[in-house]
């Protein structure tokens, strides 16, 4: 990889050895494959009203017009008009829409990757109903093909391809699980040949948040479920979903779904991770190429089922808490009520943030941004929006249900010496299991 | 053939033919692309795709209050000129007669004086919209030539219509001819620029409505 | 017929007082929208003027214009016009006929060379050497050119003379044209209408006699005094237009209430004439007052502008085929564009997977 | 001069405008002796407008009917020097209608040309009377 800057001083990374033309063509081909009827209708409907700017935490935090969501799609849109739109043949013939240049793609790398968390708040603001976040995610596919993605995301791509996970080689997985079991005194199930529940994990749980591994096991065991972790399909985070590597996304999707089928699991439980939910719950069928014979649920949904069915009883915490809504889980996933149900069963009074539920403001680190150190400055600015809301709500505790959000918010807190702990809903439940 | 005859005849024929051609071209060029409908199972208890689509179309009529802070002017002014245009276009009796002549359907109109007043408000609102576009850093950045052409194509019929009813600047038949010509220009431009959103919004909103409804997410 | 006497002398001989001239001047000033205070000066110059020699030529016409002028005239104020002019040739009105009539014309032209006024009603056929209308062995074109040569000015009375009118309506079998399309080197005043209002004819002639010059004309050669405003602007039903109250048919409640006739095809908004103010039949009424929309008869090609009953704001008939063709082409192009895009997508996917497979 | 303070102000906008214009012209006439005239026929007056204006101006001291190329009516209004002049063609159709602001409308004044002609005619007729051919002789002529 080579880190470069454009003439205007915008930093970008370049991967692979390609001529400019090849790079451009690779991007175009990657783009063109995305233009189905829905993407096309969305690409054609924009009236440039600018409402989406007000929805983007990066624009709101910095006031930088370039962060207007629809602006981030410019090269993607240009490719659409030149290669796939209804008037594409005319535009090409008359040269009305020129080819996208590599320079432009390089310049836009920052907007497509650093300045977008795929949080989709702009989609809710758009009066035309354009799903801007989805389009940006699709634009990343071509950027990946052209080797024009940030270095950190490329690194994770390489690691995942080699290990099956950005965190650890698959061979080490069982050991990590068993170590966590020992450390937290919980009986672990790993690589069982048959189980009703296949439990998957997120990278942070294999390093910083290993307690989560034990917490899940504790609850599963308490409920007396047939469950297991599995070395062949443990990684629920899907780097391909974030960095635009569609082959990897397909591979990662297949790995967990196939493992679930192999062990006869009826339910695939996703960890506390936002984009894992987007990838496995909502996009899996597309990349899997057909119906998924397994029920896929998020940890939060699992917890909701557990507490609502009465299979686990919880001790009451006499406290107030604000819940940070992970974008992929709530806004783009539809899981809004579940975390609040669970907090309710814990006896917690929820003091909602000013923007909450489907309109919650992103932590600033989703969509791979937290891993992309280049984005740190704007990520910290966006963090301040969240911090203000949390302080205004004035609750005792601050809870979320996504490891990525948790890391982002914890990093932000550390940066600003803010002494608010960001807690995991799973951990809160596991710690308050009643006998 | 004088200007008015040219406007009422060949210019309008041409414009409406181009309008029909361009609109269908663009709509089919979009809708006949692959739909990619392989989808994971819907959330339990989610509404039917049809009602999700309808909901998407309706919900998007009104912005969330969370976005009002920065978008209040855009929202209010947008509503003013859209409603103004709708009233002037569809409730002015000569316009209703035009539509009746084309499609055979008609409805009661509003008094002409009311239409003039609404026309003036609409024109002012459109001027405010373009002023906003030319001064707001965000809008300046994201605007294209299309935005300015579309504005001109929308504003001219309003302006010439107002001039015609108030007999300002030229003889009535010249003004009315210019009005019809400006409408013809509007129709010609319509399918090729962002004015097309008048049709596309239905599809765009419905598609997102279905996507969100499928997931049980709130739009 | 040449008169070396002034109009005042002749009137005195006929026992007409200067008061009558003053009254006529008041009428003329009002009709021509001249300042009312000017009427005294008008009266003085009228009295001092010579009688104007007028040669009236009738071509492809129906005599409706002459009817309009003569029928409306009753002996009193309006007959004054005949004191102001010497009508030296008018086929319908003159007593003599044949060679004597032609001689009268030639004599008037000779004696008043450069000073006589030619009034024309009817259009001039040009097709097939103009054989479709001729008299005294001359085609209308020849007669017009010969007569106009030494004229002071030409007044085209009626829509046929002014703009070709009904003989010139599609498909215009005789190749009819207006006087103005033939005579380019003389002032041509158009007083269109089918027929024109008598006062507009008389007022224009009187103005010409009084001032010896052509009145202010609009871009279609019409005196602004009579053709300065649209029927719509001067219409007593205008308030109903503004209120949005329209008759939807000729026998509905709105029609009975006297509401605006826009929806039943009134062309008042684009028709410039004085019908709404001067009215017809001695000021009794005008078409709109009688319940029928204006048909725009004083405008060029009024006959060819679609149905009289088609509202003004509608497109002219005959759009269906063009729109259908446009729509069909749109469907083809849209489908074609989508097919091309799909083909690209397939090609790109195959190339990509080949590269990866390799 | 009749001063009727009870007259109701004209309600129609057009009549009101005309009243003001007449007032200004009358004041100017009083000051400079410059006569004026306002043509009513060129205005889009309704019957109601006309009646209101008429009612406001009222009747003055003089009313004259002329038999000249049809009938004409001239009435002074309650404001001295403001005259309502109406010329009719035959069929009593209005040909001209105007407000004149003047000492006397011109049309009432005998024109010197007509006076000269009348004098000549008078002379002729008188001559016929003073050279007395007998009635019988005349009959023989």
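The values are calculated or read from the model by the stated rules, or taken from the named source; none is laboratory data. Nothing here was measured: the structure is a model prediction, and the numbers come from that model. Using ideal geometry, Cβ is built from the backbone for each residue, glycine included, and neighbour counts are taken over all protein chains shown.
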Is it the case that residue B:19 is away from chain A (no Cβ under 13 Å) and within 23 Å of residue B:196 (Cβ to Cβ)?
yes
Residues satisfying the stated conditions in segment C:325-348, i.e. in contact with a helix residue (DSSP H, G or I) (Cβ under 8 Å, 6 or more places away or on another chain), more than 8 Å from chain B (Cβ to nearest Cβ) and surrounded by fewer than 16 Cβ atoms within 10 Å (Cβ to Cβ):
none
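Taking segment A:290-305, which residues are within 11 Å of chain B (Cβ to nearest Cβ) and either free of Cβ contacts under 8 Å to residues at least 24 places away in the same chain or crowded, with 18+ Cβ neighbours inside 10 Å (or both)?
Across segment A:290-305, the qualifying residues are A:290, A:291, A:292, A:294, A:296, A:297, A:301.
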Does residue B:45 satisfy the criteria of being closer than 20 Å to residue A:36 by Cα, within 14 Å of chain A (Cβ to nearest Cβ) and in a loop (DSSP other than H, G, I, E, B)?
no
Can you give me the number of residues within segment C:1-13 that are away from every other protein chain (no Cβ under 11 Å), in contact with a helix residue (DSSP H, G or I) (Cβ under 7 Å, 6 or more places away or on another chain) and under 22 Å from residue D:121 (Cβ atoms)?
2
Condition first: facing chain B (nearest Cβ under 10 Å) and either within 19 Å of residue A:123 (Cα to Cα) or in a helix (DSSP H, G or I) (or both). Now tell me which residues in segment A:78-88 satisfy that.
A:88
If you scan segment A:39-52, which residues turn out to be in contact (Cβ under 8 Å) with a residue 60 or more places away in the chain and assigned to a helix (DSSP H, G or I)?
A:39, A:42, A:43, A:51, A:52
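Among the residues that make up segment A:13-29, is at least one of them in a helix (DSSP H, G or I) and within 14 Å of chain B (Cβ to nearest Cβ)?
No: zero hits.
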Would you point out the residue of segment A:306-339, among those that are surrounded by fewer than 17 Cβ atoms within 10 Å (Cβ to Cβ) and not in a loop (DSSP other than H, G, I, E, B), that is farthest from the other protein chains (Cβ to nearest Cβ)?
A:319
Per the filter on segment C:21-54, residues surrounded by fewer than 24 Cβ atoms within 10 Å (Cβ to Cβ), touching a residue at least 12 places away in the same chain (Cβ under 8 Å) and facing another protein chain (nearest Cβ under 7 Å) are C:33, C:40
When (1) touching a helix residue (DSSP H, G or I) at 6+ places or on another chain (Cβ under 6 Å); (2) at pLDDT below 95; (3) not in a helix (DSSP H, G or I) are applied to residue A:104, the one that fails is (3)
Answer with yes or no whether residue A:214 is assigned to a helix (DSSP H, G or I), within 21 Å of the chain's Cα centre (by Cα) and either under 20 Å from residue A:186 (Cβ atoms) or touching a residue at least 40 places away in the same chain (Cβ under 8 Å) (or both).
no
Taking only segment C:238-279 into account, find how many residues are assigned to a loop (DSSP other than H, G, I, E, B), surrounded by 24 or more Cβ atoms within 10 Å (Cβ to Cβ) and away from chain B (no Cβ under 11 Å).
5
In segment A:351-375, which residues are assigned to a helix (DSSP H, G or I) and over 17 Å from the mean Cα position of the chain (by Cα)?
A:374
Considering segment D:61-77 alone, what residues qualify as being more than 12 Å from chain C (Cβ to nearest Cβ), exposed (fewer than 13 other Cβ atoms within 10 Å of the Cβ) and in a strand (DSSP E or B)?
D:63, D:65
Among the residues of segment A:284-297, the number that are under 15 Å from residue A:236 (Cα atoms), modelled with pLDDT of 90 or more and in contact with a helix residue (DSSP H, G or I) (Cβ under 7 Å, 6 or more places away or on another chain) is 3
Checked against (1) surrounded by 16 or more Cβ atoms within 10 Å (Cβ to Cβ); (2) assigned to a loop (DSSP other than H, G, I, E, B), residue B:115 satisfies every condition except (2)
Is there a residue in segment C:194-212 that is closer than 19 Å to residue C:147 by Cβ, in the same structural domain as residue C:141 (by TED's automatic domain parsing) and outside any helix (DSSP H, G or I)?
no
Out of C:191, C:197, C:182, C:154, which single residue is closer than 26 Å to residue C:303 by Cβ and surrounded by fewer than 24 Cβ atoms within 10 Å (Cβ to Cβ)?
C:182
Regarding residue A:264, is this residue in a loop (DSSP other than H, G, I, E, B), within 14 Å of chain B (Cβ to nearest Cβ) and at positive phi?
no
Only one of C:214, C:209 is surrounded by fewer than 24 Cβ atoms within 10 Å (Cβ to Cβ), at pLDDT below 90 and touching a helix residue (DSSP H, G or I) at 6+ places or on another chain (Cβ under 9 Å). Can you tell me which?
C:209
For residue A:96, state whether it is within 14 Å of chain B (Cβ to nearest Cβ), closer than 30 Å to residue B:56 by Cβ and over 18 Å from the mean Cα position of the chain (by Cα).
no
If we keep only residues of segment B:210-219 that are part of a helix (DSSP H, G or I) and within 7 Å of another protein chain (Cβ to nearest Cβ), then the residue farthest from residue A:132 (Cα to Cα) is B:215
